[in-house]
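The values are calculated or read from the model by the stated rules, or taken from the named source; none is laboratory data. Since the model is a prediction, treat every value here as computed from it, not as a measurement. Methodologically, a virtual Cβ is constructed for each residue, glycine included, from the backbone with ideal geometry; neighbour enumeration extends over all protein chains shown. Heads up: the accessible areas ignore ligands, DNA and RNA and are worked out on the full protein's heavy atoms, side chains in. Shrake-Rupley method; radii C 1.70, N 1.55, O 1.52, S 1.80 Å.
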Amino acid sequence: NFRSAGLAELIDARLADAHELVPRLEGPFDFVFIDADKEWYTNYAKAVVPKLKAGGALTAHNVSRGGFRRQMTGDFYEYMTGLPGFDSSFRAGVFVALKRQ
């Protein structure tokens, strides 16, 4: 799909155990999309946030501030919204944080 969209040269997609791979990724990153095991969202964020470029975005799917998914992604939401230097928004289960500096 990346190739047919003409984006293959811009995307680095890997198939691996994310618990092992994500902390080892070197960066820097322009864009990060998290859609994996919800209880690890905070761990993934902690691994990639320091490698995110200024002006870059970190997004995550199926995030909740409350309700059913709160127990799985609430820590992630609190971690990300507590970070200085980020502007974040949340709508329909999709969390987006833009790094200012």
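Here LYS53 meets each of (1) in contact with an Asp or Glu (Cβ under 7 Å, 6 or more places away or on another chain); (2) free of Cβ contacts under 8 Å to residues at least 24 places away in the same chain with one exception, condition (2). Counted as qualifying within the chain are the helices (runs of 4 or more DSSP H) with 1 or more residues that are at pLDDT 95 or above and open to solvent by less than 70 Å² (accessible area, probe 1.4 Å), namely 18-24, 41-48. Restricting attention to the stretch 22-36, the residues that are closer than 25 Å to GLY93 by Cα, of a type outside the set (Gly, Ala, Ser) and out of contact with any His (no Cβ under 8 Å at 6 or more places or on another chain) total 6.
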